[in-house]
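S.K.: Here you go, one structure.
Read-outs throughout are calculated quantities, based only on the coordinates presented, and are distinct from any laboratory measurement. Please read these numbers as outputs of a predicted model, since none were measured by experiment. Cβ placement follows ideal geometry from the backbone for every residue including glycine, while neighbour counts extend to all protein chains displayed.
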Amino acid sequence: MKNEEIEILINEFVDGELEKSKEPLFFTMLSQNEEAREYFKNISILKNAVQDTLEEFPDLLDEKILISAGTSFDKKSRWSLGTWNYSFLGYAAAIVLLFLSFFFFNQSSSYQKELETVIHQVNDQQQMLQLLFNSLPAAEVNSQFENDIIIRAQL
């Protein structure tokens, strides 16, 4: 077995969680593996040291704790003015933000519709201009040289 599996078996045995059917396998593994025996000894020493440090608490201690927890719970569970204000303000802010987001969403939708109509109008005007340019007759340019160019030298 691997060391990790052995450590898991030892920890389960020490915690009392090892199944009865696995105990013979566990003890044979301990008898064959020196490292496992050493780990088992260390864990047993640690468990005994922890058990020695545990103290018994008096029965009245439980009652005192429960009574004090009940009174502190009652004090904290009441709605104080400060707690009520903060929760009310939080809910109010959430509702205001919800309405604002709905309003801005509707505004952006209307602006989008207006933008689409303007784009459609611009496209229609562009098509109309193209039709007008194409309907104009072709222009002919005739050139005539009426003036002669005279160059004189001044000496």
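S.K.: Using a basic spin-label model with each label point 7 Å from the Cα along Cα→Cβ, how many nm lie between residue 131 and residue 108?
M.R.: Result for the modelled spin labels: 3.7 nm.
S.K.: Also, quick follow-up: Just how far, in whole angstrom, is segment 80-140 from segment 19-71 if you go by their alpha carbon centroids?
M.R.: If you average the Cα positions of each part, the centres end up 70 Å apart.
S.K.: So the label point goes 7 Å from the Cα of residue 69 along Cα→C-beta, right? Which residues of segment 41-55 then have their backbone N under 20 Å from it?
M.R.: Only 55 fall inside the zone, counting backbone N under 20 Å.
S.K.: Shape call for segment 1-57 from the C-alpha gyration tensor, a ≥ b ≥ c root eigenvalues: rounded (a/c under 1.5), prolate (a/b greater than b/c) or oblate?
M.R.: On the way: a/c = 2.78, a/b = 1.77, b/c = 1.57.
Prolate, since a/c reaches 1.5 and a/b exceeds b/c.
S.K.: Starting from 0.36 nm per residue, how many nanometres of slack lie between residue 153 and residue 7 once their C-alpha separation is accounted for? Walk me through the numbers on the way to the answer.
M.R.: Values: separation 146, 0.36 × 146 = 52.56 nm, distance 11.87 nm.
Answer, rounded to one decimal: 40.7 nm.
S.K.: How tilted is helix 34-53 with respect to the longest principal axis of the chain? Cα atoms for both, answer in degrees (0 to 90, nearest 10).
M.R.: Between the helix axis and the principal axis of the chain, the angle is about 80 degrees.
S.K.: Further question on the same structure: Taking the dipole about the Cα centre of segment 1-57, with the C-beta of Lys and Arg at +1 and of Asp and Glu at -1, give me whichever of 9, 25, 45 is farthest to the positive side.
M.R.: 25
S.K.: A further question on this structure: Considering the values (1) 9.2; (2) 8.7; (3) 41.8, which represents mean projected area of the Cα convex hull in nm² as calculated for the structure under consideration?
M.R.: (3)
S.K.: Grab the beta carbon distance between residue 21 and residue 56, set R0 = 41 Å, and tell me the FRET efficiency rounded to 0.05. Don't skip to the end; give the middle numbers.
M.R.: Working: r = 35 Å, r/R0 = 0.86.
Approximately 0.70, to the nearest 0.05.
S.K.: What number of lysine-lysine pairs in the chain show an alpha-carbon separation below 19 angstrom, given a sequence spacing of 8 or more or placement on distinct chains? Spell out each step's value before the answer.
M.R.: Values: 2/22; 2/41; 64/75; 64/76.
Qualifying lysine pairs in the chain: 4.
S.K.: Might you report the magnitude of the Cβ-based charge dipole of the chain about its Cα centre, with Lys and Arg at +1 and Asp and Glu at -1, to the nearest 20 debye? Working shown, then result.
M.R.: Numbers: 12 positive and 24 negative charges, 160 e Å.
Here the chain has a charge dipole of around 760 debye.
S.K.: Next up: Where does the chain land at 222 nm, in deg cm²/dmol rounded to the nearest 500, when only DSSP H runs of n ≥ 4 count, each adding -39500 (n - 2.57), divided by all residues?
M.R.: Values: 5 runs with 117 residues, N = 155.
For the chain, the value works out to -26500 deg cm²/dmol.
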